[in-house]
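Input: a single structure, listed below in structure tokens.
Coordinate-derived values only; no laboratory data. Bear in mind the structure is a predicted one, so any value in this text is a computation, not a measurement. Virtual Cβ from ideal backbone geometry, glycine too; neighbours counted across all protein chains shown.
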Amino acid sequence: MEDACDTGPFGTAELEFPVSFDLRIIYVLAGGATIVDDLEAIYRALAVTCSMIQGVAKPGAKYGRMGSRLRFESKAQMYATYEAIAKLPYVKTAI
């Protein structure tokens, strides 16, 4: 019997590349004034196809939401993108 810890987050299902999806980011508004420029630079450096970047923040809120419609050609490219985004000091999570 296979242990649940021996499988990925989706069981034994694997992503097939290329893959496209909307990446969502939660970030601290006070530190994230350059988020669009920072994301564009990451996507450009890693050759990620981005067809849309859009953000939402309520007046007086501490956190904002940013979405990017992305296409990844490989697992390595996707992982490198998540790693680069995680290094932005104002980013709280990216899913």
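Please tell me the relative contact order of the chain in percent, rounded to the nearest whole number, where contacts are Cα pairs under 8 Å and at least six residues apart. Don't skip to the answer; put the middle values down first.
Numbers: 131 pairs, mean separation 36.8, N = 95.
That works out to 39 percent.
Putting +1 on Lys and Arg Cβ atoms and -1 on Asp and Glu Cβ atoms, find which of TYR79, ILE35, ALA94 reaches farthest to the positive end of the dipole of the chain.
Checked the options; the winner is ILE35.
Can you give the direction-averaged projected area of the convex hull of the alpha-carbon atoms in the stretch 16-94, in nm²?
Directional mean of the projected Cα hull area for the stretch 16-94 stands at 4.7 nm².
For helix 75-86, report the angle its Cα long axis makes with the longest principal axis of the Cα atoms of the chain; keep it between 0 and 90° and round to the nearest 10°.
The angle comes out at about 30 degrees.
Quick check on the chain: helices-only [θ] at 222 nm, where DSSP H runs of length 4 and up contribute -39,500 (n - 2.57) each and the sum goes over total residues. Nearest 500, please. Intermediate results must be reported in sequence, preceding the final value.
On the way: 2 runs with 23 residues, N = 95.
When only DSSP H runs of four or more count, the value is -7500 deg cm²/dmol.
Give, as a single signed number, the net charge of other residues whose beta carbon lies under 13 Å from the beta carbon of PRO18, with Lys and Arg counted +1 and Asp and Glu -1. Before the final figure, lay out each step's value.
Details: positive: ARG71, LYS75; negative: GLU16, GLU73.
Result for the neighbourhood of PRO18: 0.
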